[in-house]
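Engineer: Take a look at this one; I'll ask things after.
Taken together, the values in this text are just the output of simple stated rules run on the coordinates, not laboratory data. It should be emphasised that the depicted structure is a prediction, and the values quoted were computed from it without experimental measurement. Here the Cβ positions follow ideal geometry from the backbone for every residue, glycine too, while neighbour counts run over all protein chains shown.
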Amino acid sequence: MKKMILEARINEYAMRDRNPNVPWTADEIAESAARCRAEGAAIVHFHARAEDGSPLHTAEAYAEIIRKVRAKSDILVHPTLGWFSNDHDPAGRAGCVTTLARDPATKPDIAPIDTGSTNLETYDAVARAFSHADRVYINRTDTLEVYAHAFR
């Protein structure tokens with residue numbers, strides 16, 4: 001078998017109403033990351049959350065998660081840049097990762113630069129409809145340049 005790299009995307013913006021096991025807290029994310037590593041994943045991607053599951057895009061929240069993940073396993077850390085939480089300010093999106101990178105204990109192993117834009121919606125099988133059908137995740141070239149310069 002050829003070698004491959006597995007990335008576990010453990011919580012994205014999934015809510016607990018559909019899956020009560022979605023990890024939100026730093027401890028839950030660290031535990032999930034450790035279990036993924038034990039099963040062969042090399043990378044963990046996650047989104048920091050507030051207690052109610054809403055996005056919590058702060059360097060402090062991500063630093064706590066990263067420290068706890070690293071205390072439990074050697075999985076590579078790939079935090080998000082956020083998702084619709086701060087899309088209008090590329091420097092602000094990159095700021096969380098660059099702040100984390102100043103401290104070797106919280107420096108991400110991987111910083112994302114999402115090339116290309118895409119539609120991002122979820123499908124509700126009960127309602128038989130897409131939610132947020134008008135939502136587009138835009139990654140313009142000038143935005144990608146901001147990220148590339150910031151992450152260098």
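Engineer: Rounded to two decimals, what ratio of Rg to Rh does the range 7-113 give with C-alpha atoms and a Kirkwood Rh?
Structural biologist: On the way: Rg = 12.8 Å, Rh = 13.7 Å.
On the Cα set of the range 7-113, Rg over Rh gives 0.94.
Engineer: Ok, one more. Please build a GNM for the chain, connecting alpha carbons under 10 Å apart, and tell me which residue among ASP52, ASP134, ASP74 fluctuates the most.
Structural biologist: Of ASP52, ASP134, ASP74, the most mobile in the Gaussian network model is ASP134.
Engineer: May I pose another question? Could you give the Stokes-Einstein D for the range 54-115 in µm² per second, using the C-alpha Kirkwood radius, 37 °C, 0.692 mPa s?
Structural biologist: Values: Rh = 12.0 Å.
Answer from the Stokes-Einstein relation: 275 µm²/s.
Engineer: With an 8 Å Cα cut-off and a minimum separation of 6 or more residues, compute the relative contact order for the range 42-140 in percent.
Structural biologist: Numbers: 129 pairs, mean separation 22.7, N = 99.
Contact order relative to length: 23 percent.
Engineer: Quick check for you: which residues of the range 125-152 have the amide N under 20 Å from the point 7 Å beyond the Cα of ALA91 toward its beta carbon?
Structural biologist: 139-152
Engineer: Taking the beta-carbon count within 10 Å as an exposure proxy, list VAL77, VAL146, VAL126 from fewest neighbours to most.
Structural biologist: Working: VAL77 21, VAL146 17, VAL126 5.
Least to most surrounded, the residues fall as VAL126, VAL146, VAL77.
Engineer: If you don't mind, another one. Go ahead and collect, in residue order, the members of the range 121-152 whose backbone nitrogen is under 14 Å from a label point 7 Å along the Cα-Cβ direction of ALA101.
Structural biologist: Those under the cut-off are 144-152.
Engineer: I would also like to ask the following. Expressed as a whole number of Å, what is the distance separating the alpha-carbon centroids of the range 111-152 and the range 8-28?
Structural biologist: That distance is 19 Å.
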